Structure formats: structure tokens, C-alpha cells
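S.K.: The structure's right below; bear with me while I get my questions together.
The values are calculated or read from the model by the stated rules, or taken from the named source; none is laboratory data. Just so it is clear, the structure is predicted and the values come from calculations on it, not from any experiment. Don't worry about glycine lacking a Cβ; one is built from the backbone with ideal geometry, like all the others, and counts go over all protein chains shown.
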């Protein structure tokens, strides 16, 4: 690809689509939906980048990837330089290239989007990360060892990112993970068809190669208390997420057939329940599934139900399509796969039979009123609009809270009213030397925001250790 194109010539190139499995085929399997860009298509897409001097796309990225630099290298066919640049900025590019909501972050800042479509930054990020994996490229860690030790609690996106940055500074890093497999929400919360486990495993192995140590089956708050951890290490970064399920608090939630999205997705994603009885983790395979919520977790759950053989799978969401917080691509894929959308609808009761099993969901129609504290129009119940949605399984995907298992071992750790750790803009908690980031601070949020916290906190931890 000739990269010496004028701005007009670049703008004339149309955005290249991401190839994907046929919807009727993919809804019967757990293989990845998107198949990635070819070399020629990636170079063509990269040629669309205007190489802005004041690149707003960089400031739109929570981990501050030098987007024009790696994209320019792709346009020139220099994939090694692209990989070197990208991996210097982003600890998990193969992950973010697949699940990051670029359309509301870096891509929304792209100048090409003013008169046309923005450059497909996420798709190019995935291309470069996959090229690096397929060509066994991994950056060397040539840092000088400082002798300082940092414990990281949780191997999700915030923890992995912080660990990757901290070893670059020369510190010894040990990640403690409660599950038997590292990756946190990347492996237990995001389905295989969106983020293959092998991709996460490869990212983890690259970090281990750089010097990060990971110990699994260690629960901080049970195996070790937070004060015990602080005594053993020069600093601690808490990134254990927010994994406590939130339920609807409506009658009938005790019936058999009601899952939290956390339990449902963990059983299927991390514990391979989709292969029961070949593996010994069972999971219900409802024929008529209702998923409550409108975020990415809800989309993951409802699309999982489709793949497990549900005859019908519905999203029940109290606002309209325009207000859905899920990624546009995930909503589009769900529609293609036959997911039904019960919009402007709120559950008010789970209906069950005499044997204790779910038979339906009593709902009420809503209309949108004035904006609430979130800035979105508030859903208001409509009188006499009750109806029964037939279903034999309900998955509740309306958010999560912080698990108090860890925080209750440190009474001096300041928490907010939701049980999240209070931390400043650099992740410093109320206890010197203990930092925190990701969902345990923010509440349930995106992978890339957690990674941004991890990167920023790693810098702050390094400054803290250097001051000692």
C-alpha cells in the first residue's frame, strides 16, 4: 500500500468491514464470531488514517496508545514496528482489539468520522496483536531490578496491566488469583465467541515471560488477609473486581431457574459447563430464556443461551434501543442471531410452579420520562400494562457490587457507600502503599477503563517505591 496518499485520497477509501461467521452458523457454536482482517485489508484500512499532528484518538484511549504510530507502520507493511509500538503502550492488545468499545472512545475522536466513518482502530489493534502472537514476537524486558516487591490482587484487566507495567520498572511482581485460571473477568465473564480463552492465555504467558509471577487459588481475605499481604510486600495493588451479583429484589427470585449473570457465565466460560456431562459442571439449558439488563454482560448471557440451544432468548430492558449501554456491534450480532428485545419493559415478579421452577416473568411496560441522575431518560411504569413473558429460565444481568471478603480484613481501608475502595486519581487508597483500580474502585465498568486504572496506578506505585 502506498502510504504517500493525500488527505483527500485517504478520505476516499471506505472503512473495511470485519469478516465474521454467518449468523445461522455461529449461533450453533462457541467459536469466535469475528475472524480478523487480512494483511491487504488491514493495510488498506490503515491507509485511511490522516496521521493527525494533534491526534485526539490518543487522548480518547484510556491507556494512551500511540494510535497514529502503530497504524502508520501497518499502512507501510512494517508489522514488527507496529507490534513494538503497540505492545509498548498496551499490555493486552489482543484483548482490547476484541472487546474494547472503541466507538465511544478512540474512534469517536477520529477526524475521519466527521464526514464519514472513523478509522477501524480496534480492528487494526487486533490485527497487530494477532500478528505478534502468530510470529512469536514478545518485547524483551531489559529493566534493572529494583529489589522492590509488589503484590497484585486479581488477574483481570486492571491487575494484568499494572503487573505488566510494574515489571518494566524493574519491580518483582506477584499476582494472586482466586480462580484456578488467570484472566479474571476476561475468562469467566466474556464468552469464548467474543474472546477466546487461548487469546487471554497467550497474553498472560507473554506477561509471565516478562517476569510477572502468578499464583492461583489464592483468596485474599481468606488465604491471606490484606494486612498480611502488606507486611510481605513493599506495595499492594488491589484489582479483584466487583463480583458480587445484584438481583432485582422482586418476588419469585428464589425459584429454580433463576441465575445471576455472574454464575451463569462463569459456569459456561471458565468451567466449560456447555460440555456437560463430558465435564462435571452442570448448567441449565432453558428453552425460553429471559435475560434482564441491557449491557454487554446481558448480551453475552443471551447469546450464550442461544448457543446452548434455547428456542427463544430475550433481552428484557426497561429503556429503549437508543439507551442500550451494550456495544453497538454486540447488539447487532445479537439481532442477527435471533435474540428478541423486550424494550421499555421491567420485570416485577418471577412466576413459578408448584415444584419451584420458573414458568414466566411478570412484567410491566414503561415509558421514558425526564432524565435521571445518569443523564438518561427515566423509565416510568405505565398503568395497567402488566403482562406475562413465558420463560423457563431467567438470567439477571443488572450489575455487580464489591465483594467484602477482602476489604473487611482491613478496617482502616476507606470504602464508599457501595463498598468500593475509595482511591485518588492515581489509585492510592486511604492506607499508604495500598493502591486499587478497576471495578473494585469504579463499580462495574469496561475492560479498557480497568486497564487504564492499572497503567496509571503502576506509575504511581513506581513513584511511591522510588520515594522510599
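S.K.: Would you check which residues across region 379-405 are at negative phi, surrounded by fewer than 16 Cβ atoms within 10 Å (Cβ to Cβ) and either assigned to a loop (DSSP other than H, G, I, E, B) or over 26 Å from the mean Cα position of the chain (by Cα) (or both) and list them?
M.R.: If the condition is that a residue be at negative phi, surrounded by fewer than 16 Cβ atoms within 10 Å (Cβ to Cβ) and either assigned to a loop (DSSP other than H, G, I, E, B) or over 26 Å from the mean Cα position of the chain (by Cα) (or both), then 380, 381, 382, 383, 385, 386, 387, 388, 390 are the ones that fit.
S.K.: Between 150, 174, which is crowded, with 24+ Cβ neighbours inside 10 Å, outside any helix (DSSP H, G or I), on the phi < 0 side of the Ramachandran plot and over 17 Å from the mean Cα position of the chain (by Cα)?
M.R.: 150
S.K.: I've got another one for you. Only one of 125, 142, 134 is surrounded by fewer than 18 Cβ atoms within 10 Å (Cβ to Cβ) and either in contact with a helix residue (DSSP H, G or I) (Cβ under 8 Å, 6 or more places away or on another chain) or under 22 Å from residue 186 (Cα atoms) (or both). Can you tell me which?
M.R.: 134
Residue-by-condition table, conditions (1) modelled with pLDDT under 95; (2) assigned by TED's automatic domain parsing to the domain that holds residue 423:
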| residue | (1), (2) |
| --- | --- |
| 233 | no, yes |
| 237 | no, yes |
| 255 | no, no |
| 265 | no, no |
| 272 | yes, no |
| 275 | yes, no |
| 288 | no, no |
| 291 | no, no |
| 304 | no, no |
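S.K.: Evaluate the following for residue 35: is it surrounded by fewer than 16 Cβ atoms within 10 Å (Cβ to Cβ), without any contact (Cβ under 8 Å) to a residue 24 or more places away in the chain and either within 19 Å of the chain's Cα centre (by Cα) or more than 26 Å from residue 325 (Cβ to Cβ) (or both)?
M.R.: Considered against the rule, which asks whether it is surrounded by fewer than 16 Cβ atoms within 10 Å (Cβ to Cβ), without any contact (Cβ under 8 Å) to a residue 24 or more places away in the chain and either within 19 Å of the chain's Cα centre (by Cα) or more than 26 Å from residue 325 (Cβ to Cβ) (or both), residue 35 comes out as yes.
S.K.: Based on this model, can you work out whether residue 415 counts as at negative phi, without any contact (Cβ under 8 Å) to a residue 24 or more places away in the chain, surrounded by 17 or more Cβ atoms within 10 Å (Cβ to Cβ) and more than 23 Å from the chain's Cα centre (by Cα)?
M.R.: Yes; evaluated as a whole, the condition is true for this residue.
S.K.: Checking the condition surrounded by 15 or more Cβ atoms within 10 Å (Cβ to Cβ), in contact with a helix residue (DSSP H, G or I) (Cβ under 8 Å, 6 or more places away or on another chain) and either in contact (Cβ under 8 Å) with a residue 60 or more places away in the chain or outside the structural domain of residue 127 (by TED's automatic domain parsing) (or both), which residue from 55, 46 passes?
M.R.: When all the criteria are applied, what remains is 46.
S.K.: Can you name every residue in region 326-339 that is surrounded by 17 or more Cβ atoms within 10 Å (Cβ to Cβ), in a loop (DSSP other than H, G, I, E, B) and out of contact with any strand residue (DSSP E or B) (no Cβ under 6 Å at 6 or more places or on another chain)?
M.R.: If the condition is that a residue be surrounded by 17 or more Cβ atoms within 10 Å (Cβ to Cβ), in a loop (DSSP other than H, G, I, E, B) and out of contact with any strand residue (DSSP E or B) (no Cβ under 6 Å at 6 or more places or on another chain), then 326, 327, 337 are the ones that fit.
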